[in-house]
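Asks: Encoded as structure tokens, here's the structure I'll be asking about.
The values are calculated or read from the model by the stated rules, or taken from the named source; none is laboratory data. Quick caveat: nothing in here was measured; it's all calculated off a predicted structure. When we count neighbours, we look across all protein chains shown, and the Cβ atoms used for this are built from the backbone with ideal geometry, even at glycine.
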């Protein structure tokens with residue numbers, strides 16, 4: 001707190017001079033490679049682990065490239081006193097960023113928006129009737145933001161809910177696709193997101209083949225949307241398998 | 001509150017978990033009489049401690065410290081400031097401790113934990129007064145530009161002894177810190193010098209070529225003890241902290257000089273002998289922590 005007082009001199013992060021980030025001319029050369037050397041339709045390697053936070057009812061850690069997220073689930077516990085009586089359970093979601101998550105210190109994206117998106121993505125998958133009158137809290141902390149943050153948070157949150165033993169219709173997996181000129185890039189990193197023409201995020205329940213959330217922004221043509229949706233759904237079902245095996249691994253290791 | 005005898009023989013009839021929840025104090029005191037703690041530790045022993053450097057790629061220095069289940073992530077970002085008129089050749093350090101809602105069921109969003117600002121203040125007092133960092137090393141151009149080190153520590157899992165874990169992660173982040181090489185451009189602004197950008201920067205000499213690492217002298221380490229009756233419990237878990245409410249935190253530096261001693265009230269009073277015992281335990285702990293820090297640093301250099 002000492003440095004946060006009004007006497008703190010204004011600071012700035014030194015930048016590299018004479019170097020402007022330019023959008024690559026993708027249309028011109030088709031053999032353009034992505035910043036991390038992946039092919040267009042290849043996801044980043046996913047690392048998932050449950051039980052990251054001991055004091056929570058359930059938790060999970062997810063690392064997709066440089067995007068690192070921890071989600072804790074608390075409850076079901078007593079709803080706030082001011083809440084009306086409710087036959088079904090409530091879901092409360094909150095997303096925060098660390099100050100060092102973004103390249104420029106303390107400039108996180110709008111987290112209110114992310115929290116409500118997360119709430120809507122998860123709501124459909126949770127059997128809210130199974131915990132009447134109570135609330136389940138899902139809190140996410142983005143340790144490092146490396147692109148496709150919301151899909152990673154959603155995936156990680158679903159794993160944490162399963163770890164907490166909350167009744168679910170199915171786990172949800174979420175994947176995003178960026179449209180860049182003629183190309184579709186799956187699981188984009190921050191740099192790619194910064195110069196994308198449009199983005200599409202699908203959150204779905206892989207075993208039920210149901211979509212809980214789909215967001216399309218930017219400029220898209222109908223055939224492109226179809227192609228992107230198929231890409232996302234395929235990736236979601238693969239991600240769902242990884243999540244399942246992560247839970248099985250955690251369950252097979254005897255815990256003290 | 002009788003510790004033994006009387007109606008407390010319920011313990012033989014009741015399930016262990018139920019007894020632990022219903023009579024937490026008696027549960028712990030029965031352990032203490034046997035000189036052991038519920039997690040199997042002797043009274044004076046700290047939990048297993050691990051340290052990993054460089055956990056955050058987007059920061060200039062970072063470390064993840066774990067003491068038992070208590071987990072702290074510290075990261076440093078360097079920014080440039082104009083030094084104050086009184087200290088034209090000194091940089092600055094701003095330390096902030098955060099307890100996000102993920103770390104404990106007691107913290108809710110929008111209602112920050114009361115403990116966080118207390119620990120934040122304690123940490124900056126300790127680090128700045130220990131003389132670990134010479135602020136003059138953070139100077140770039142006297143009177144014009146100096147580094148401001150923003151150190152942010154996040155508690156990822158709160159299970160007692162938060163200050164100890166936070167301090168350990170903070171000093172480890174400083175020992176991992178790599179200051180970027182910068183130079184002054186024509187407008188008097190500080191810019192980064194990157195390897196692939198040498199053409200444009202040829203005429204500009206980097207201003208801090210040799211000062212990429214800070215020299216850390218007298219690194220502070222701490223140990224929190226719980227005082228309960230005649231017992232001293234080192235490195236309490238959150239369960240122990242919630243039941244027995246008298247704490248004593250000792251900070252010693254690497255040459256075993258006392259940096260700070262903090263007993264924030266509590267129902268128990270500390271005798272001189274108890275304080276000396278705590279300091280003795282801390283001396284042992286400092287040796288352990290120094291070894292852990294050195295191992296983490298040498299692991300980093302191998303990679």
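Asks: Just one of the numbered conditions (1) surrounded by fewer than 16 Cβ atoms within 10 Å (Cβ to Cβ); (2) within 21 Å of the chain's Cα centre (by Cα); (3) at pLDDT below 90 is not true of residue A:83; which one?
Replies: Going through the list (1) surrounded by fewer than 16 Cβ atoms within 10 Å (Cβ to Cβ); (2) within 21 Å of the chain's Cα centre (by Cα); (3) at pLDDT below 90, residue A:83 breaks only (2).
Residue by residue, here is whether (1) under 26 Å from residue A:198 (Cβ atoms); (2) away from chain B (no Cβ under 12 Å); (3) part of a helix (DSSP H, G or I) holds:
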| site | (1), (2), (3) |
| --- | --- |
| A:94 | no, no, no |
| A:132 | no, yes, no |
| A:141 | no, no, no |
| A:146 | yes, no, no |
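Asks: Here are some residues: A:136, A:175. Which one is closer than 30 Å to residue B:71 by Cβ, over 17 Å from the mean Cα position of the chain (by Cα) and outside any loop (DSSP other than H, G, I, E, B)?
Replies: A:136
Asks: Please pick out the residue among B:249, B:198, B:237 that is within 14 Å of another protein chain (Cβ to nearest Cβ) and either in contact with a helix residue (DSSP H, G or I) (Cβ under 7 Å, 6 or more places away or on another chain) or modelled with pLDDT under 90 (or both).
Replies: Criteria check complete, one pass: B:198.
Asks: How about region B:71-98: which of its residues are more than 9 Å from every other protein chain (Cβ to nearest Cβ) and either surrounded by fewer than 22 Cβ atoms within 10 Å (Cβ to Cβ) or at pLDDT 95 or above (or both)?
Replies: Of everything in region B:71-98, those that are more than 9 Å from every other protein chain (Cβ to nearest Cβ) and either surrounded by fewer than 22 Cβ atoms within 10 Å (Cβ to Cβ) or at pLDDT 95 or above (or both) turn out to be B:72, B:74, B:85, B:86, B:87, B:88, B:89, B:90.
Asks: Would you check if residue B:281 is out of contact with any helix residue (DSSP H, G or I) (no Cβ under 6 Å at 6 or more places or on another chain) and surrounded by 19 or more Cβ atoms within 10 Å (Cβ to Cβ)?
Replies: yes
Asks: Looking only at region B:41-70, how many residues end up being farther than 17 Å from residue A:67 by Cα, without any contact (Cβ under 8 Å) to a residue 12 or more places away in the chain and facing chain A (nearest Cβ under 10 Å)?
Replies: Residues meeting the conditions: 0.
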